[in-house]
Amino acid sequence: MSQEFTQLPGLTLPYQPADQLLVVRGDQTYRGQLDPSIALPGDTEAADVSWVLFQIRNTAGQGGGSFSPSHQWLIRPFNFKTAGFGRINGFGQIILEPGSYCFRGWSTGMENGRMRNRFRSMDSLIIWYGATAYSLHYSWHIPIEGVFAIAETTTFVFEMRCDRDRSKPWGYGYESGVIPELYGSLLFFRKSL
């Protein structure tokens with residue numbers, strides 16, 4: 001029994017590798033292939049993809065913190081997390097469970113310095129560096145992104161460095177006076193192993 005296209009039920013996402021597409025082009029019918037970005041090769045069931053956001057938040061009017069000493073990787077502790085996987089420990093480090101991850105985000109910086117950020121596991125087996133940037137004056141932000149897979153629960157730290165000693169309270173960025181003050185943000189996507 002045939003049905004009009006508009007009467008067909010919608011397909012619940014995500015797609016599965018066993019799914020087949022029917023393509024009609026020029027009155028001819030073809031069997032299409034799923035693009036790898038839609039269905040991951042070798043998957044036998046729907047992809048379990050979830051997300052979470054971690055941020056560095058301060059109260060209104062609070063500066064981003066101080067860069068000091070220079071030429072050293074200094075920890076930027078996280079203190080906010082949306083609902084989802086992972087957690088933040090008492091040192092502002094991110095703890096993630098086994099899975100395949102991709103992430104992207106940014107951190108703020110300030111004033112006359114070559115600055116860089118990085119996201120790394122505590123054992124330094126996984127290290128992702130942010131963009132290389134130079135701030136001539138005032139505030140700016142450094143983008144960062146990466147992909148990695150872990151087979152066991154792992155603790156990560158987010159760090160920054162600067163080539164000039166900025167011991168001022170606004171070294172990581174000026175406050176805006178709007179709640180909350182944001183000085184860093186990382187968005188993670190995870191596919192469970």
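Which of the GluC sites (Glu not before Pro) found in the range 90-193 are in a DSSP loop and have at most 15 neighbouring Cβ atoms, other than their own, within 10 Å? Passing both the DSSP loop test and the Cβ count: E152. Annotation: extensible slack from W73 through C102 equals 8.2 nm (criterion: 0.36 nm per residue apart, minus Cα-Cα distance). The stretch between S176 and L22, if pulled fully straight at 0.36 nm per residue, gains 50.1 nm over its current Cα-Cα span. Probing with 1.4 Å while keeping every protein chain in the model, the per residue accessible area of the range 109-186 equals 52 Å². Taking every alpha-carbon pair under 8 Å whose residues sit at least 6 apart, the range 72-193 reaches a relative contact order of 36 percent. Checking every one of the chymotrypsin sites (Phe, Trp or Tyr not before Pro) in the range 98-163 against DSSP loop status and a limit of 16 other Cβ atoms within 10 Å picks out Y138.
The values are calculated or read from the model by the stated rules, or taken from the named source; none is laboratory data. Owing to the predicted nature of the structure, the values given are computational and were not obtained by experimental measurement. All Cβ positions, glycine included, derive from the backbone under ideal geometry; neighbour counts span all protein chains shown. Keep in mind that these areas ignore ligands, DNA and RNA; they rest on the heavy atoms of the full protein, side chains included. Shrake-Rupley method; radii C 1.70, N 1.55, O 1.52, S 1.80 Å.
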